[in-house]
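Here the structure comes first, spelled out in C-alpha cells, and everything after it is commentary.
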Amino acid sequence: MHDSGTGADGSTGAYDIKDASYFEGARRDFVDELPDNPQAHILEIGCSNGNTGALALQMNKCGRYTGVEIHTEAAHKAREKISQVLIGDVEQMELPWEDHSFDALMLSEVLEHLVDPWKLLRRLHRYLKPGALVFASSPNVSHHRIIRMLLKGEWNLTDDGIMDRTHLRWFTPRSFAVMFEDSGYRVLSVEPTSPFRFQVKLQLALLLGKGRHLFIKQIKIKAVRKDDAPAD
C-alpha cells in the first residue's frame, strides 16, 4: 500500500517493523468507481498484498492489473493475486511500460511517502491513456486534531495515521488537488474517503459549510489524465 526509499542494505527500513495489517485491505471505493471493462489494464503504485487488484479483476473492472510495491513480503503475496508486480522504489526504478499502456491509475496512501510525488505524477503521465482515470488518497494535515496539536506547539509522530513517522510529505485537500492539476491531471472531485457522520454534517451546517477541510481525515481524489504532457 505504501512506497518509500530502501535502506543502504536493500531493506525497507521503517516498514519492516510494521504490523502485517498495515498492508491489508482492498480499496473497494476506488474499484466501485471504475467502469466495467474486462479489457482494461490498471496500474497501482504501492499495491501492497494485491487485494485491491484482486477485487478489480474479480469484478471484471479490468483484465490485467499491474502493481509496484517496495515491501518484499507484501509484493510476493500480491504476485499470487494480480497480473504483474514490480518490487522496488518507484522513484528510483526503471519503468518498463510502453506509452499509453494503462486505463486507470491507483495511488492509495502512497504519495505522502515519496521524496518527490510531483515528479512521479508527471513521470507516470506518459504511461496512461488519454482520459485515463486516476484515484488517489492521502491523510489530511489540516484535520482539526492536527490543528489542535499545533496550537499546543507539538508535532508528535506515530506508527500510523496522519502523523505516521514514515511520511515525508503532508497535504491538505487543496494542496493535494493542486499537485495533480499541476502534474498533468484534471481533478473531478475532492472528498473524504468516508462520508461525514451526522454530527459532522450538523457542525458544518452551523458553520454554513465553512471549514469542511477540518473534518476530512483522509483525502480522496478522482481525476483524469489531461492530453497535454505536464511541464517539467
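How do the peptides 161-169, 40-48, 92-100 rank, highest first, by the average count of neighbouring beta carbon atoms within 10 Å per residue? Numbers along the way, then the final one.
On the way: 161-169: 16.6, 40-48: 26.4, 92-100: 10.7.
The most tightly packed comes first, giving 40-48, 161-169, 92-100.
Measuring with a 1.4 Å probe in the full set of protein chains, what accessible area per residue, in whole Å², belongs to region 99-205? Could you put the intermediate results ahead of the total?
Working: 5200 Å² over 107 residues.
Per residue, region 99-205 has an accessible area of 49 Å².
Expressed as cubic angstrom per residue, what is the convex hull volume of the alpha carbon set of region 69-170? Write out the running numbers ahead of the final one.
Details: hull volume 12.6 nm³, N = 102.
Expressed per residue, the convex hull around the Cα atoms of region 69-170 is 124 Å³.
Tell me whether region 72-116 comes out rounded, prolate or oblate; compute the Cα gyration tensor, take square roots of the eigenvalues as a ≥ b ≥ c, and use a/c under 1.5 as the rounded threshold.
Values: a/c = 1.42, a/b = 1.04, b/c = 1.36.
It comes out rounded by the Cα gyration axes.
FRET efficiency for Met93 and Arg126, Cβ-Cβ distance as r, R0 = 22 Å, nearest 0.05? All intermediate terms of the calculation are to be shown ahead of the outcome.
Details: r = 16 Å, r/R0 = 0.71.
Working from the Cβ atoms, E equals 0.90.
Calculate, axis by axis, the spread of Cα positions in the chain along the three principal axes, and write the results as whole Å, longest axis first.
49, 40, 37
Using a 1.4 Å probe, how large is the accessible area of Phe135, given in Å² and rounded to the nearest 10?
Spelled out: Phe135, probe radius 1.4 Å, area about 0 Å².
Past the 27 Å Cα-Cα mark, which pairs from Lys129/Lys220; Lys129/Lys222; Lys119/Lys210; Lys61/Lys220; Lys81/Lys226?
Working: Lys129/Lys220 21 Å; Lys129/Lys222 16 Å; Lys119/Lys210 32 Å; Lys61/Lys220 20 Å; Lys81/Lys226 31 Å.
Over 27 Å Cα-Cα: Lys119/Lys210; Lys81/Lys226.
Where the accessible area of the chain is counted over protein heavy atoms with a 1.4 Å probe, how much of it, in %, is carbon and sulfur? Display every interim value, and only then the final one.
Numbers: 5850 of 11520 Å².
Carbon and sulfur atoms account for 51 percent of the accessible area of the chain.
Using label points projected 7 Å from each Cα along Cα→Cβ, tell me how many nm separate Asn37 and Arg148, to one decimal.
Label-label distance for Asn37 and Arg148, simple model: 4.4 nm.
So if I take the centroid of the Cα atoms in region 85-107 and the same for region 132-173, what is the distance between those two points in Å?
Their Cα centres are 26 Å away from one another.
When DSSP beta bridges are limited to those with both residues in region 89-232, what percentage is antiparallel, rounded to the nearest 5?
Values: 14 of 22 bridges.
If we restrict to bridges inside region 89-232, about 65 percent are antiparallel.
What distance in nm separates the simple spin-label points at Ser83 and Glu181, each placed 7 Å from Cα in the Cβ direction?
With each label point 7 Å from Cα toward Cβ, the separation is 3.3 nm.
The values are calculated or read from the model by the stated rules, or taken from the named source; none is laboratory data. As the structure is a computational prediction, the values presented were derived from the model and not from experiment. Note that each Cβ is placed from the backbone with ideal geometry, even for glycine, and that neighbours are counted across all protein chains shown. The area values use the complete protein model at the heavy-atom level, side chains included, leaving out ligands, DNA and RNA. Shrake-Rupley method; radii C 1.70, N 1.55, O 1.52, S 1.80 Å.
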